[in-house]
Amino acid sequence: MSLQTHIVGVGGYLPERILSNQELSKMVDTSDVWIRERTGITQRHIIAQDQQTSDLAVEAAKQALDDAGLTIDDIDALIVATTTPDMVFPSTASVVQYKLGGKDFPAWDIQAVCSGFIYGLAQADGMMRGGMFKRVLMIGAESMSRIVDWKDRNTCVLFGDGSGAVVLESREEEGGMIGSVLHCDGSYRQLLMAEHQHTRHEPGKPIDFSMDAAGVAAIEMKGNEVFRVAVNKLGEVVGEVLDKYGLQKSDVDWLVPHQANIRILNATAKKMKMETGHMVVTVGEHANTSSASVPLALNHLYRQGSIQTGQILLLEAFAAGFAWGANLIRWSKS
Ligand code: UT7
């Protein structure tokens, strides 16, 4: 039999500091009722001043390694999906490798915003089936609070910080990753973005070498347009991934969606004719943690002890770009 990619360890981490809707409503013109009714969010976790995205990633990775009964020395490759890297370069993955005490194996970041973990799982699965790596540490980690405009009520209420991780192992054994579908349509890129101006250089003008030339990024979003496309594309992609691998909606035991807005989650569950008890919902406590959202939701489900060996999980996400996708997994971890 051919190599299959199995999840053998799961972990997650949320920074200690919780920012409630009530607290937020003292900062911008919003209310707990509005945020809960329009998004399902009641609170979000915020990274500590002395933490970086890599620190969040390390905590989730340690828990996943521990859960797998492995150490960093057993890992052949490390991928961090993040849209809020510690710095422009080197990659956050290389910092995480160092902080975990790993050496020599390849480590790199991928950037597909909220779909980063879905993209990363698909990428790792392909490489592992091809025999390139035996064990991969796949992490989604974000400090979205660092790129949120805290004066913009349209966006600042939506995001939170955190990290999630899985350890993947390839074995000639049934189960594990069934497959994935990925999409991107760059024509939508301006509806959701955080423009980072590395310099204030305007084409055709001399470069500004002044000290304040370093730019900042802040999330800008046309919320209701993103919402409309997200509902459509997620509805399509769940059908597409099931068709591609010859499964029915009724075969899916757990829907593990990206946690952006409870109304988007419910629309996808409806499309799947899925009972809400079989959809993981963490948006209320975590808010939108971008690429950390799906692995954090998976970790939540796993730690509840809800997943049985042999059950089918459907992971999906929709992100800026727009980039979206889905993974199907037959749970093989006991
Ligand atoms: O993870 C990547 C994908 N991201 C998403 O999927 C996010 C998708 N979008 C959404 O989740 C929703 O569109 C939002 C939650 C962002 C907004 O909900 P909405 O139902 O689409 O509201 P809206 O943008 O149409 O705005 C409705 C009203 C506006 O007031 P007017 O113009 O009707 O007077 C907004 O100014 O709500 C107002 N509003 C707020 N009011 C209180 C917007 N933000 C707030 C706020 N508190 N925080």
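The values are calculated or read from the model by the stated rules, or taken from the named source; none is laboratory data. Every value quoted in this text rests on a predicted model; they were computed, and no experiment measured them. Using ideal geometry, Cβ is built from the backbone for each residue, glycine included, and neighbour counts are taken over all protein chains shown. Ligands, DNA and RNA are excluded from the accessible area calculation, which covers all protein heavy atoms including side chains. Shrake-Rupley method; radii C 1.70, N 1.55, O 1.52, S 1.80 Å.
Quick notes on this structure:
- Test: V231 is at pLDDT 95 or above, open to solvent by less than 20 Å² (accessible area, probe 1.4 Å) and in the same structural domain as W324 (by TED's automatic domain parsing): no
- Wholly within segment 115-194, strands (runs of 3 or more DSSP E) carrying at least 1 residues that are within 13 Å of the ligand (Cβ to nearest atom), out of contact with any Gly (no Cβ under 7 Å at 6 or more places or on another chain) and not assigned by TED's automatic domain parsing to the domain that holds E59: 192-194
- For segment 33-88, filtered to residues that are in a helix (DSSP H, G or I), open to solvent by less than 30 Å² (accessible area, probe 1.4 Å) and not aliphatic (A, V, I, L, M), the residue that is farthest from R228 (Cα to Cα) is S54.
- Going through (1) within 16 Å of the ligand (Cβ to nearest atom); (2) within 20 Å of the chain's Cα centre (by Cα); (3) more than 20 Å from H45 (Cα to Cα) one by one, H278 falls short only on (1).
- Qualifying positions in segment 73-102 - closer than 18 Å to Y13 by Cα and hydrophobic (A, V, I, L, M, F, W, C): L78, I79, V80, A81, A93, V95, V96, L100
- Top-ranked residue in segment 284-315 [being within 13 Å of A260 (Cβ to Cβ) and not in a helix (DSSP H, G or I); ranked as nearest to the ligand (Cβ to nearest atom)]: N288
- Search result, residues across segment 98-111 that are part of a helix (DSSP H, G or I) and either more than 16 Å from A165 (Cβ to Cβ) or open to solvent by less than 30 Å² (accessible area, probe 1.4 Å) (or both): Y98
- A Cβ distance below 8 Å, combined with a sequence gap of six or more or placement on separate chains, defines the contacts here; from segment 20-32, residues that are among the aliphatic types (A, V, I, L, M) reach residues that are within 11 Å of the ligand (Cβ to nearest atom) and open to solvent by 100 Å² or more (accessible area, probe 1.4 Å) in the pairs V28/R153.
- Any hit, segment 137-154, residues being modelled with pLDDT of 95 or more, open to solvent by 50 Å² or more (accessible area, probe 1.4 Å) and touching a strand residue (DSSP E or B) at 6+ places or on another chain (Cβ under 6 Å): no
- A single member of P90, P15, P85 is over 22 Å from G131 (Cα atoms), away from the ligand (no atom under 16 Å from the Cβ) and touching a His at 6+ places or on another chain (Cβ under 6 Å), and it is P15.
- All positions within segment 3-18 that are assigned to a strand (DSSP E or B), touching a residue at least 40 places away in the same chain (Cβ under 8 Å) and hydrophobic (A, V, I, L, M, F, W, C): I7, V8, V10
- Of all the criteria given as (1) away from the ligand (no atom under 16 Å from the Cβ); (2) not in a loop (DSSP other than H, G, I, E, B), the one not satisfied by F318 is (1).
- Scanning segment 130-183 for residues that are in contact with a Phe, Trp or Tyr (Cβ under 9 Å, 6 or more places away or on another chain) and among the aromatic types (F, W, Y) yields one hit, F133.
- For segment 254-269, the condition of being away from the ligand (no atom under 13 Å from the Cβ) and either in the same structural domain as I35 (by TED's automatic domain parsing) or open to solvent by 40 Å² or more (accessible area, probe 1.4 Å) (or both) holds for none of the residues.
- Consider segment 240-253 and keep the residues that are part of a helix (DSSP H, G or I) and open to solvent by less than 80 Å² (accessible area, probe 1.4 Å). The one that is farthest from the ligand (Cβ to nearest atom) is D251.
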